[in-house]
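What follows is a short report on a single structure.
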Amino acid sequence: GQQVQQSPTSLVLQEGENAELQCNFSTSLNSMQWFYQRPGGSLISVFYNPSGTKQSGRLTSTTVIKERRSSLHISSSQITDSGTYLCAMGMNYNQGKLIFGQGTKLSIKP
Amino acid sequence: DPKIIQKPKYLVAVTGSEKILICEQYLGHNAMYWYRQSAKKPLEFMFSYSYQKLMDNQTASSRFQPQSSKKNHLDLQITALKPDDSATYFCASSPDWGDAETLYFGSGTRLTVL
């Protein structure tokens with residue numbers, strides 16, 4: 001079964017609304033990251049957050065190891081936030097080997 | 001300027017042919033990786049290299065062969081191409097092997113096998 005589950009699969013919001021993206025892991029978590037991917041584009045690391053809460057501007061990531069989950073909160077969403085958000089967990093013996101979720105496609109409408 | 005260059009950006013191949021995907025990084029990193037993203041599956045790890053040595057191989061098929069001629073190069077040779085190989089292939093690098101916190105991705109090569 002899939003080790004990393006993301007929800008929702010897609011999310012459509014009006015500009016200014018808040019977005020909440022979830023990631024659940026089926027195995028013990030060693031490290032995790034959130035990536036942003038533009039349509040047809042590369043991946044950009046948004047947060048490296050193995051545990052606890054991190055904030056950067058309008059983005060906040062919270063990882064709860066015991067519960068094997070992580071969330072990404074985007075406040076006051078903007079059109080430029082549109083794209084796909086991927087979460088990934090790092091393997092214990094090789095954290096450069098990431099196991100990715102299917103992604104959440106976020107669309108922000110004006 | 002992009003620090004990880006992947007060439008070509010788009011590639012169309014016929015079944016049974018062979019192609020080489022190019023990756024060069026100018027970040028001074030010691031570790032490089034290949035990932036694949038297909039329409040039906042999440043982004044998946046393929047290979048990792050450290051100082052031009054293979055460290056981890058999660059690709060079952062020997063048709064996929066990484067080639068590292070220089071420390072900052074990690075090309076991917078794919079032989080006997082199949083339609084199922086159609087995907088976007090991403091190269092990535094990090095300062096050292098296993099350093100996920102500073103993992104950078106290239107913009108990918110989108111391969112279509114007809």
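Annotation note: of A:Leu72, A:Leu43, A:Leu21, the sole residue that is closer than 20 Å to B:Ala100 by Cα and either away from every other protein chain (no Cβ under 14 Å) or of a type in the set (Asp, Glu) (or both) is A:Leu72. Of the residues making up the range B:56-83, those that are assigned to a loop (DSSP other than H, G, I, E, B) and hydrophobic (A, V, I, L, M, F, W, C) are B:Ala60, B:Leu74, B:Ala80, B:Leu81. Among the residues that make up the range B:14-30, is at least one of them outside any loop (DSSP other than H, G, I, E, B), within 13 Å of chain A (Cβ to nearest Cβ) and modelled with pLDDT of 95 or more? Checking the range B:14-30: at least one residue is outside any loop (DSSP other than H, G, I, E, B), within 13 Å of chain A (Cβ to nearest Cβ) and modelled with pLDDT of 95 or more.
Criterion applied to B:Ser62, B:Ser50 was being buried (at least 17 other Cβ atoms within 10 Å of the Cβ) and small (Gly, Ala, Ser), and the one residue passing it is B:Ser50. Restricting the first member to the range B:99-113 and to residues that are over 19 Å from A:Pro50 (Cβ atoms) and modelled with pLDDT of 95 or more, and the second to residues that are crowded, with 17+ Cβ neighbours inside 10 Å and of a type in the set (Lys, Arg), the beta-carbon pairs closer than 8 Å and six or more apart or on different chains are B:Leu111/B:Lys19.
Go through the range B:84-104 residue by residue and tally those that are assigned to a helix (DSSP H, G or I), within 12 Å of another protein chain (Cβ to nearest Cβ) and either surrounded by fewer than 17 Cβ atoms within 10 Å (Cβ to Cβ) or of a type in the set (Val, Ile, Thr) (or both). Result for the range B:84-104: 2. Filtered by the rule that a residue be more than 7 Å from chain A (Cβ to nearest Cβ) and surrounded by fewer than 20 Cβ atoms within 10 Å (Cβ to Cβ), the range B:105-114 gives B:Arg110, B:Thr112, B:Val113, B:Leu114.
The values are calculated or read from the model by the stated rules, or taken from the named source; none is laboratory data. Values in this document were obtained by computation on a predicted structure and should not be read as measured data. No Cβ is skipped: glycine too gets one built from the backbone with ideal geometry, and neighbour counts run over all protein chains shown.
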